[in-house]
Structure formats: C-alpha cells, structure tokens
Amino acid sequence: MEKLIITAAICGAEVTKEHNPAVPYTLEEMVREAKSAYDAGAAVIHVHVRTDDGKPTQDRARFAEILPAIQAACPDAILIPSTGGAVGMTPEERLQPTELNPEMATLDCGTCNFGDDIFVNDMPTMRAFGKRMIENNIKPEYECFEIGHLDTVVNMAKKGLVPGDPMQFNFVLGVSGCTPATPENLAFLVNKIPAGSTWTVTGVGRGAWPMVATGIIMGGHVRVGFEDNIYLERGVKAKSNGELVEKVKAFAKLLGRQIASPAEAREILGLKAR
Ligand code: KMH
Ligand code: ZN
C-alpha cells in the first residue's frame, strides 16, 4: 500500500484555549504546535491563523508572518492555508492567503450546516476561488463535507473551473449537521472520486479515531489536529498536536502502513519537489 500522508490541522477557527489550553494563537504557539506535529511525522500542516487573543482571521499580513515561521521550523513540510476561515467571513476576506501563492490551499466545495451556523460556499464563491487557484498555480485540497460537494467540484473540474488532475480530496466527516463519520459513508465517497485522485479523511469529534483507522485500512491518507478533535482518548486531552500525530503513527504501525515523508507526500500529491 502507498505510504500514509499525515496532515495536522493544528488550530482551526472554532476551537479555543477554553477547550484545550494547548490550542495555538500566537506566532510562537503556532510554530510550537506545527513543529510538534512535524517532528512526530506529519508531512502536511493545515493552517488557520488567529489574532493573539484567539480571534480567527484571514488577514494576509498574519499569514505572511506565520507561514514562513512555520516553514522555517518545518523546512520541507507542505503547508495548506485555509480559505475556509471561519463561518460568516466574506469570500474576499477568506481568499487573502492565496495572494501569497502557497503551493496548496483548501477549497471548500459547497454550502452546509455547521453546528448552528451555515458555512456558505455558493457557486459564485467556488468559481472565484477556483479561478484564483488556477491563476496563482495553487493546488487545492477539496474539502467535502457532504456527498453533493464531491459531485459539484468534480463537475467544475471537468469544465476547467477549478484545477483538475490529479485532484486531492479531504472528506471531512462528523461535522454537526453534515455527513456522519462512518466507514460506509467514507467508502461511498471514495468510490466516486475520479481515477488518479488522492484522498484524505478527517473525522471530527468522536469520529476522529475511527476515521483514522478506516482511512489507513482503506489506503487513503488521514488528518488529525486540534481543529477536529482535542482528545487523545475519552476524557484525556492531548497536550500537543504532536501527541495526536504520534497516535496516528501507532495505528499505522499496527495496521502495516509506513509514513510518508514530506518529499514522498509531494510525489503522491503530484506537487513539484522543493
Ligand atoms: N472553519 C470552517 C468553517 C477550511 O479550512 O477550508 C471551515 C474550514 C475549512 O475549516
Ligand atoms: Zn480548516
């Protein structure tokens, strides 16, 4: 089986220090958490940014400060800044990190419920994000929270409205109000992706560890991190993102998957060597 790419989503936009004191806000905390995940074996870091007091922001200047600092501490890691940001942000606000020409960025593939909120990704928004990523030569990671999201973005790729071959999907399962994190839902989605695509699974909340095991067994790639889950096990909060990545490594060892280095992850994802 192909080597396993581990992504660490180190802070997200919703989780706070009240949930887990190790959630990073400041530049120093972001670097600490990214490095803990990288040192544990994460090849990819998914990056949201916050102000020092924890407020989610998509400010270009904040990304311009934090992305290079993480890269310096994790030299060959693949950084995937978020264009999802937080619920309620405008598309223009969310697009700011793409102005920095990262090698990858997320592209959210449709509107959905998000707990009590609505995460808006209508067609004009998706077309604008696809256009920007084509122009700036950014490989998207297609975030799919629902079955229709996958169909929508595959059709957009066929029309040349978003970057195409090879497509990288992240199936985010278990968000409150969206597709539940079950092996059968994941299998349904994986069976629908275009040939030659790659995929990652993210299980949110209590779906996190079952989806890690399922993703490893199915031959896909996996994401963990405080954005999705703050617990190492029931009632035990992780002290760092690195601890979560260490647990993925333990699963992989038991199940016979080797871990991809950043260079190997670049090859699997069809990115240029750095
Ligand atoms: N914070 C969520 C509303 C992404 O990074 O592209 C959206 C999100 C997806 O986290
Ligand atoms: Zn995110």
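The values are calculated or read from the model by the stated rules, or taken from the named source; none is laboratory data. Keep in mind that what you see is a predicted model, and the values were worked out from it rather than measured. Here the Cβ positions follow ideal geometry from the backbone for every residue, glycine too, while neighbour counts run over all protein chains shown. Please note that ligands, DNA and RNA were not included when accessible areas were found on the heavy atoms of the full protein model with its side chains. Shrake-Rupley method; radii C 1.70, N 1.55, O 1.52, S 1.80 Å.
Observations on the model:
- Rounded if a/c under 1.5, otherwise prolate or oblate - the chain, Cα gyration tensor axes: rounded
- Over 21 Å between alpha carbons, listed pairs Lys35/Lys249; Lys3/Lys131; Lys192/Lys272: Lys3/Lys131; Lys192/Lys272
- Heavy-atom accessible surface of the chain, averaged per residue, reaches 42 Å², computed with a 1.4 Å probe.
- For the chain, the 222 nm mean residue ellipticity estimated from helices alone, with every DSSP H stretch of n ≥ 4 adding -39500 (n - 2.57) and the total spread over all residues, rounds to -11000 deg cm²/dmol.
- Close amide H partners of Gly225, meaning residues 5 or more places away or on another chain with modelled amide H under 5 Å apart, are Ala9.
- Relative contact order (percent, whole number), the chain, Cα cutoff 8 Å, 6+ residue spacing: 23
- Cβ-derived FRET efficiency at R0 45 Å, Thr90 paired with Lys272, nearest 0.05: 0.90
- Placing a label point 7 Å from the Cα of Ala263 along the Cα-to-Cβ direction, the residues of the range 53-96 whose backbone N falls under 15 Å from that point are 75-78.
- Cβ crowding within 10 Å averaged over residues, with 27-40, 227-240 ranked highest first: 27-40, 227-240
- Computed lengthening from Ala250 to Lys17, 0.36 nm per intervening residue step minus Cα-Cα distance: 81.2 nm
- Rounded to 5, percent antiparallel among DSSP beta bridges of the chain: 20
- Placing +1 on the Cβ of every Lys and Arg and -1 on the Cβ of every Asp and Glu, with no other charges, gives the chain a dipole of roughly 620 debye about its Cα centre.
- Only the Cβ atoms of Lys and Arg (+1) and of Asp and Glu (-1) were treated as charged; on that basis the dipole of the range 125-197 about its Cα centre amounts to roughly 320 debye.
- Derived scalar couplings between HN and Hα for the range 36-46 equal 5, 6, 5, 4, 7, x, 6, 8, 10, 10, 8 Hz in order, rounded to whole Hz, by the Karplus curve 6.51 cos²θ - 1.76 cosθ + 1.60 (θ = phi - 60°), x for Gly and Pro.
- Residue with peak Gaussian network fluctuation, the chain [Cα springs, cutoff 10 Å], from Val23, Val87, Val201: Val87
- Considering only alpha-carbon pairs that sit under 8 angstrom and 6 or more positions apart, the relative contact order computed for the range 99-182 is 35 percent.
- Student exercise, the range 228-271 dipole from Lys, Arg, Asp, Glu Cβ charges, in Debye to nearest 20: 160
- For the range 196-274 and the range 143-163, distance of Cα centres in Å: 23
- Ligands, DNA and RNA left out, the 1.4 Å accessible surface of the chain is 54% carbon and sulfur atoms.
- In the range 1-44, Cα pairs under 8 Å separated by at least six residues give a relative contact order of 53 percent.
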